[in-house]
Amino acid sequence: MAKITVRNTNITVINYSDHDYISLTDMASAKDGDSRAADVIKNWIRNRYTIEFLGTWEMIHNPNSKVVEFDHFRMQAVRAPATRTA
């Protein structure tokens, strides 16, 4: 497990199947501290634009993606007001 430093914050980097993945939890902890990291991630994952991004990523990178099933989640996000993290 490697670490990179971004704006004086250590971020964990894991290599899996020859791809690097960064820790969202480490990034969220830098924003508001460890106690609020889960809330920051929950708000981000509920954001309409995040859901649309994840759906697009899934269609591009997953040949078995279930577009019709995912559309249900996307439509719920469009109807809900956008969540904003401060």
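The values are calculated or read from the model by the stated rules, or taken from the named source; none is laboratory data. Predicted model, so just to flag it, every value in this text is computed and none were measured. No Cβ is skipped: glycine too gets one built from the backbone with ideal geometry, and neighbour counts run over all protein chains shown. Ligands, DNA and RNA are excluded from the accessible area calculation, which covers all protein heavy atoms including side chains. Shrake-Rupley method; radii C 1.70, N 1.55, O 1.52, S 1.80 Å.
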Cβ-Cβ under 8 Å, sequence separation 6+ or interchain: first residue in segment 19-31 and closer than 13 Å to Thr5 by Cα, partner among the polar types (S, T, N, Q) and part of a strand (DSSP E or B). Which pairs? Ile22/Thr12; Ser23/Thr12; Asp26/Thr9; Asp26/Asn10; Asp26/Thr12; Met27/Thr9; Ala30/Thr9
From Lys3, Lys31, residue being assigned to a strand (DSSP E or B), touching a helix residue (DSSP H, G or I) at 6+ places or on another chain (Cβ under 9 Å), more than 29 Å from His72 (Cβ to Cβ) and open to solvent by 70 Å² or more (accessible area, probe 1.4 Å): Lys3
So Ala82, is it open to solvent by less than 60 Å² (accessible area, probe 1.4 Å), in contact with a helix residue (DSSP H, G or I) (Cβ under 7 Å, 6 or more places away or on another chain) and at pLDDT below 85: no
I need a count of the residues in segment 6-28 that are under 30 Å from Gln76 (Cβ atoms) and touching an Asp or Glu at 6+ places or on another chain (Cβ under 9 Å). 2
